[in-house]
1. Label residue 520 and residue 294 with points 7 Å out from Cα along Cα→Cβ: what is the distance between them in nm?
2. Give the calculated FRET efficiency between residue 16 and residue 92 to the nearest 0.05, with a Förster radius of 45 Å applied to their Cβ-Cβ distance.
3. Taking 45 Å as R0, compute the FRET efficiency from the Cβ-Cβ separation of residue 484 and residue 48 and round it to 0.05.
4. Convex hull over the Cα atoms of the stretch 280-327, averaged projected area in nm²?
5. Keeping all protein chains in position, work out how much accessible area residue 147 exposes to a 1.4 Å probe, and write it in Å² to the nearest 10.
6. Could you sort 146, 452, 360 by their accessible area in this structure, using a 1.4 Å probe and putting the largest first?
7. Residues of the chain: accessible area per residue at 1.4 Å, in Å²?
8. Quick one, can you get me the convex hull of the C-alpha atoms of the chain expressed as volume per residue in Å³?
Amino acid sequence: MMTDEDILKKLEDSTKNATRHQLETLQSILERQSGVRYLQPYLSGCCAIDAATYKRAVPLSCYDDYADHINQLAGGDHGQNDQPLLSVDPLVCFFYSSGTSLMKPKLIPYFDSALSKAASQIAHQGSGAILRRLFPPKHDVNKILFFIYSNNITTTKAGFKVMAASAFPLQGLVRAFSFFESKWEQLCDDLENGCPCLDITEVAMRDSVIEVLGGPQPDLSKRIRSICGESNWSGIFSKLWPNVRYIKCITTGSMRQYCSKIKNYAGEVPVLGGDYFASECCVGINLDITQPPQTTRFVMLPTAAYFEFLPFDMEKNEAVGEETVDFSGVEIGKMYEVVVTTYRGFYRYRLGDIVKVVDFYNSSPQVEFVMRAPKGSFEIISERDLMSAMESFQMMLRNVMAVEIVEFAGYTNLESSPKKLMIFVEIREGCTKLRDSVAILRRCCSSLEDAFGSIYKVQRDRGEISPLSVSIVKPGTFDRLLQVAIEKGVPASQYKPPKIVRNREIVEFMEGCSLVTVRLDSLDG
């Protein structure tokens, strides 16, 4: 068994000649997978397949290009004439990806690939080694509390299991403690009684809790009451768990908005960032997990997959052509969409992530996660534009109206003429006073519009976009949206509240939950 030092040295060595490792990774994948049905139309007749030939012959792809093959696999069709569809390795199961902007989760096939296992293992072991180097295990305090939603495991027509991939998004932890903040008194009553209240109707869950409690727990109930009864919940983690050493979760991308809330709960307890691991493959590792989200960097893993980078123009909010560059071709300061060829059946697959190359670690690029890629040039604001504008909007609402934003999302109505941007905002408190504060809210909304990106501003000046519409929705609206997503098959552990909504059904749901809608040329409500 490798020691932590051995693991970190192996990671370090892989970044020293990253380009060579990348070519070897691609060669390993193609030597094993070039005969699959997906690749045959592009690679049949090719004798020697190097990186240049591969990129010239095989087009860039997205999930829709694999959907038919994946549905066939789920139904038990593994290919005809002994020609596998996506991978020569045995299919084990499927994982769900989030798919929350469209309320349609994607099925990611998991093939039993020895090469992929080895690459994933070194990435995950490296992540653990970095954590243990910062927080060496203590024999007297060596417990980990995981916040994981465990949904029912479903099966496909052919009997393959479909599971949610493990993830630790920050918003899930915030949601858990926000719920705890509103229900702690009931929890204490349940502890005193030794059983859950009647609101919990699931028999198996009730029986499990009763078994764990082993009867009334008056002392524990009293302790929690004394802690949670205080008006200030800052530092609540260390009050509940005095030996807590750190909180580790995903903090980048759309999770950044929840950082201030979790840091308030954490107090002096450090909040550590996660790694860049996607459902399709591991992408990058975070060597300095103490960095705040805005300065978190990931070192690309040269042996995890074959990576390409599609140049991305932030001003135009779209990719620049279809010519990619490899590790050696990226430039510091430039934006790119990540493209992967994996050990498990994805070939030149657009991952949908926009990253910024900020440096090199040895010869491997260091990247910052910027945002999810737009679905097309028709989108008038990017996820980053919206989040940046909402940060300023939050500060203004907090200072002027003493309210806190819980969640938000944006939608571009392309069917209206001119097209219209709609923002839906849920706030924690002050909702009953909104109708009396319309003038103030209007001024805040005007400042929000001024904070959007250049594409929005140019089209707005041309009259191609209607005045901004901002709807304040009922408390709990986004939680109800989560329930709708779960009912449609989205796993809660993978769910991330959509920032850019592309599903009309979600918009209609939000509009039905609206308390007040402010348009910069009129007012409803």
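The values are calculated or read from the model by the stated rules, or taken from the named source; none is laboratory data. This structure is a prediction, so every number in the text was calculated from the model and none was measured. Here the Cβ is made from the backbone with ideal geometry for all residues, glycine too, and neighbour counts use every protein chain on show. The protein model used for the area step is the full one, side chains on, heavy atoms only, and it has no ligands, DNA or RNA in it. Shrake-Rupley method; radii C 1.70, N 1.55, O 1.52, S 1.80 Å.
1. Placing both labels 7 Å beyond Cα along the Cβ direction yields 2.4 nm.
2. On the way: r = 33 Å, r/R0 = 0.74.
Once rounded, the FRET efficiency stands at 0.85.
3. Working: r = 51 Å, r/R0 = 1.14.
With a Förster radius of 45 Å, E is 0.30.
4. Working: hull surface 18.8 nm².
Seen from a random direction, the Cα hull of the stretch 280-327 projects 4.7 nm² on average.
5. 100 Å²
6. Working: 146 125, 452 5, 360 70 Å².
Largest accessible area first, the list is 146, 360, 452.
7. Working: 25310 Å² over 525 residues.
The answer is 48 Å² per residue.
8. Values: hull volume 91.7 nm³, N = 525.
Dividing the Cα hull volume of the chain by its residue count gives 175 Å³.
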